[in-house]
Amino acid sequence: MHDEHSGSMRSRHGDEYIERLPGGFLLKQSVRHLRIGSDSVLLAEHAPGGRVICDLGCGCGAILLRLAELWPQAELCGLELQPEAARLCRESIELNGISERASVVIGDLRSRAVLGELGAGRFDLVVCNPPYNRAGSGRRASTSAAVLEREDGTAPPEAVAAAARFLLKNRGTLVLVLRADRMADYICALRSEHLEPKQITVVRTNGALSRLVLLRAVKGAGAGLVLDETYY
């Protein structure tokens, strides 16, 4: 998750606060983590849905919760490296009354044992809002938690692609929201894992091109890439 605000309600209690997502669900956040951004909402609202959905690096849960709003019959699971972020996500799940169909696992997406806990070939849809910056580059975040969310040292493109391939069913879909300057890295990583890029959606904000793109890939699909655009 990244910096732009998209909630309509903000209620603060110490270092933690609550924001309302577009559909009405409540999201707990902490000042130690990057704040929910429009990119998280954008990804959730452009994902094709599915019966079983995984959010890789779910953070405090903005994408997972928005998907739960949009797909009320779906079973959802988040994977998150940082225990505090996972706790906030769990508390939001409970706050919104969806514990029977949503859960969070604490672990590293680079670990095959952790991925095995989620289930090989189990998911119709995997989504990810990966860190935008290469490790050690870009503006340094103010907290250690935010560094992990902004820099891809623990979630490089190759690891994200490998995890998605492991989790997805054949012909399952991966959707990423990326900064445009990382798109080549991800296309190479996805193809090496037999995840074929099928659609690139360029994001326009206030009529102008933004730095963001949505990238959709399908496991085991043939070549055939289309370009699209969306306004947000």
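The values are calculated or read from the model by the stated rules, or taken from the named source; none is laboratory data. Quantities reported herein were computed from a predicted structural model and do not represent experimental measurements. As a convention, Cβ positions derive from the backbone with ideal geometry for all residues, glycine included, and neighbour counts pool all protein chains shown.
Miscellaneous remarks
- As a summary of the residue check, residue 121 satisfies the conditions (1) outside any helix (DSSP H, G or I); (2) under 16 Å from the mean Cα position of the chain (by Cα) except for the one numbered (2).
- Considering only residues in segment 49-73 that are out of contact with any Asp or Glu (no Cβ under 6 Å at 6 or more places or on another chain) and more than 19 Å from residue 176 (Cβ to Cβ), the one that is surrounded by the most Cβ atoms within 10 Å (Cβ to Cβ) turns out to be 68.
- Restricting segment 74-105 to residues that are among the β-branched types (Val, Ile, Thr) and over 15 Å from the mean Cα position of the chain (by Cα), the residue that is surrounded by the most Cβ atoms within 10 Å (Cβ to Cβ): 93
- If you go through segment 150-200 and pick out every residue that is among the polar types (S, T, N, Q), at pLDDT below 95 and surrounded by 19 or more Cβ atoms within 10 Å (Cβ to Cβ), you end up with 0.
- Residues of segment 109-118 that are farther than 9 Å from residue 166 by Cβ and touching a residue at least 12 places away in the same chain (Cβ under 8 Å): 109, 110, 114, 117.
- Residue list for segment 107-117, restricted to those being surrounded by 15 or more Cβ atoms within 10 Å (Cβ to Cβ) and assigned to a loop (DSSP other than H, G, I, E, B): 107, 108, 109, 110
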